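Structure first, commentary second.
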Amino acid sequence: MDIFQFRNQVVRGYTQYVESFIKLRDPILAEFVRQEFDNQYYWPEPLIQLNPNFQSGGTLAHAVQTGLLHPVCETIFQSLPHLHQHQLEAVQLAQAQQNYVLTTGTGSGKSIAYILPIINHVLRNGSGKGVRAIIVYPMNALANSQVEELEKFLGKDPAGRLVTFGLYTGQENLEQKEKLIQQPPDILLTNYMMLELILTRSKEEKLVSSAKGLRFLVFDELHTYRGRQGADISLLIRRIKDRLECPDVLCIGTSATMSSSADPFERKAEVAKIASTLFDTQITGKQVVGETLREVTMDTNFNLQTWRNALENVPDDFEGFIQDPICHWIEHHLGIGWNEKAQIFERQIPKQLTELAKELADFIIKFYPNLHSSMTEQERIGICTIAIQQRLQKGHALKNPQTKRSVFAFRLHQFISKAGTLYAPIAEDRKEHLSLKGQLFSPKKQTVTQSSAQNLTQISTQTSTQTPIRLYPLEFCRNCGQEYYSVRIQKDPQSSLEQILARSPFGRQEAQEGDGYLYISQFDPTARVWPTDEDEWWERLPDHWIELSAKGIPRVKSSYRPYVPQAIRVDSQGYISDALGINGYAALFIPAVKGSKSSGSK
């Protein structure tokens, strides 16, 4: 599968789906929305993330031979012939009875760094002696995923497992819960809310008793517990230690993002401080385990000819791939970067393909100006884009003969937003101020006319002729595509004049006094101006709004009279301009029915 083509197919299909719901009558509005779609406003170019290669911590066989692991671990984890260095360090800390926090990135095998020590402990001390480890996940989906991972190592058949585990998150039926309570597993997978309940409910007393003297307490995705929730978790851990009589329980945390410091030593110190507070135990920077990265490609004194060959051919085998100059460049610009202060490799941030391709094109033209001298910048970027795509996909397919892992394990992060609300000013020339960003003022300002400025002075001390342009959310008729401003009429506290303000387009909110919709009839050359003579309303209002008086004369029912459209004039700042004695735009205010819901742009 070509993941790049697949992404384009998904986005293309979603675009067509969204466009099928959109019908805009005004050609200016329609063109603006179409351009924003073309510019990928709601589905920007994906970010590419390259998982780096990790320093090896040796084989499982070697860890068994040195006595670090139980011999059966080699059989259980036979699909992992090599440990990463950070996994080995985690096992060593656990063996030394030291708490630790693992702060490695995506795809680094964090779960192995706590599952392996737990299984090693159970194998050494025997299974069936109660709950020896509790692993807490912030979401049930993560716990379910961990069950699949454990089944891969320990088997799907519970009867054949050397180490038992059970899921207790609240999504299990009564029979499953009762079975787990009566036969407590070695490893209990749960979430923090259920763990809190387990400690307090009498029906789980047997499960609690089986966990007395708990050996391992693991909190996955530690960075999710912040603020008030972090305080709750910290208190929960203290209750666990007290209730389960395990003051020396081995506390383990995992997180990829707990500190934003650029200095790796400061990151470790900050993580250690947070973890010490959460776990109510002393954790030092040495107990914060980071990832140790290494480069897999080789710098073989590249020259003009090797670069020329690389742009024309993609290597097919492992040896050719790791000696390819473009592969080497990709690894060092998307995978790893050298931290001179710490003298270590660190992960690079994800990038967009076009950004990465431009960097490569600039690199080539800088160091090898004769290679692309006859091409335009766009042509160079196009060639580099293809070269990068080919190597990412080839590198994903190629396996490192030593680690059996993909040489370039990469992923695409595609962000897709639902279509939002279009904002527009009350102005005849709206094109320059249209926005999809949910802002109430345009970043551009307008110059008001002298007469308007004089009238505005009556309601404000503003002396400048430059005034911000108000924006209002638009809603559209599903049948004809006519736009309406979603507004609320309120009195300006300074002038006591009525002003039209934007109504929130977010969520479904009940209509309040003054809420309604504004139709600028002056912008529509085909508009039928709302009649001032009530006798002309009847053909313009719904039949069920009309009743006959005792004399047989048509009239609006009293319950609907408050919602009859009102002809007004409004200026660009939303002031109902008749009150100011100035000319505004001819408009129609349609009051919203009280209690009705506003759902934003339709």
Determine whether the range 198-209 contains at least one residue that is out of contact with any Lys or Arg (no Cβ under 8 Å at 6 or more places or on another chain), part of a loop (DSSP other than H, G, I, E, B) and either touching a residue at least 40 places away in the same chain (Cβ under 8 Å) or of a type outside the set (A, V, I, L, M) (or both).
yes
May I ask you to list the residues in the range 573-602 that are modelled with pLDDT of 85 or more and open to solvent by less than 40 Å² (accessible area, probe 1.4 Å)?
GLN573, GLY574, TYR575, ILE576, ALA586, ALA587, LEU588, PHE589, PRO591, ALA592
Looking only at strands (runs of 3 or more DSSP E) that lie completely in the range 477-560, which have at least 1 residues being under 20 Å from LEU422 (Cβ atoms) and of a type in the set (D, E, K, R)?
483-491, 515-519
Helices (runs of 4 or more DSSP H) within the range 1-104 that include 1 or more residues open to solvent by less than 30 Å² (accessible area, probe 1.4 Å) and either more than 26 Å from VAL218 (Cα to Cα) or without any contact (Cβ under 8 Å) to a residue 24 or more places away in the chain (or both):
3-19, 27-38, 60-65
Does the range 298-306 contain at least one residue that is on the phi < 0 side of the Ramachandran plot, surrounded by 17 or more Cβ atoms within 10 Å (Cβ to Cβ) and aliphatic (A, V, I, L, M)?
no
Do we find that ASN191 is free of Cβ contacts under 8 Å to residues at least 60 places away in the same chain and surrounded by 14 or more Cβ atoms within 10 Å (Cβ to Cβ) in this structure?
yes
Against the condition hydrophobic (A, V, I, L, M, F, W, C) and over 30 Å from the mean Cα position of the chain (by Cα), how does ILE181 come out, does it pass?
yes
Taking the criterion of being at positive phi and either buried (at least 19 other Cβ atoms within 10 Å of the Cβ) or at pLDDT below 80 (or both), would at least one residue in the range 448-465 satisfy it?
no
Taking the criterion of being touching a Phe, Trp or Tyr at 6+ places or on another chain (Cβ under 8 Å), assigned to a helix (DSSP H, G or I) and under 30 Å from PHE476 (Cα atoms), would at least one residue in the range 430-437 satisfy it?
yes
Determine whether ILE426 is open to solvent by 60 Å² or more (accessible area, probe 1.4 Å) and among the β-branched types (Val, Ile, Thr).
no
Among ASP186, ASP157, which is buried (at least 18 other Cβ atoms within 10 Å of the Cβ) and not polar (S, T, N, Q)?
ASP186
Given the criterion within 27 Å of ALA96 (Cα to Cα), part of a helix (DSSP H, G or I), out of contact with any His (no Cβ under 7 Å at 6 or more places or on another chain) and not hydroxyl-bearing (Ser, Thr, Tyr), identify the matching residue among ALA342, ALA272, ALA256, ALA310.
ALA272
Does LEU150 qualify as being more than 21 Å from ALA211 (Cα to Cα) and open to solvent by less than 20 Å² (accessible area, probe 1.4 Å)?
no
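The values are calculated or read from the model by the stated rules, or taken from the named source; none is laboratory data. Worth saying up front: this structure is predicted, and the values here are computed from it rather than measured. Backbone-built Cβ (ideal geometry, glycine too); neighbour counts: all protein chains shown. Areas reflect the complete protein model, heavy atoms only, side chains present, ligands, DNA and RNA absent. Shrake-Rupley method; radii C 1.70, N 1.55, O 1.52, S 1.80 Å.
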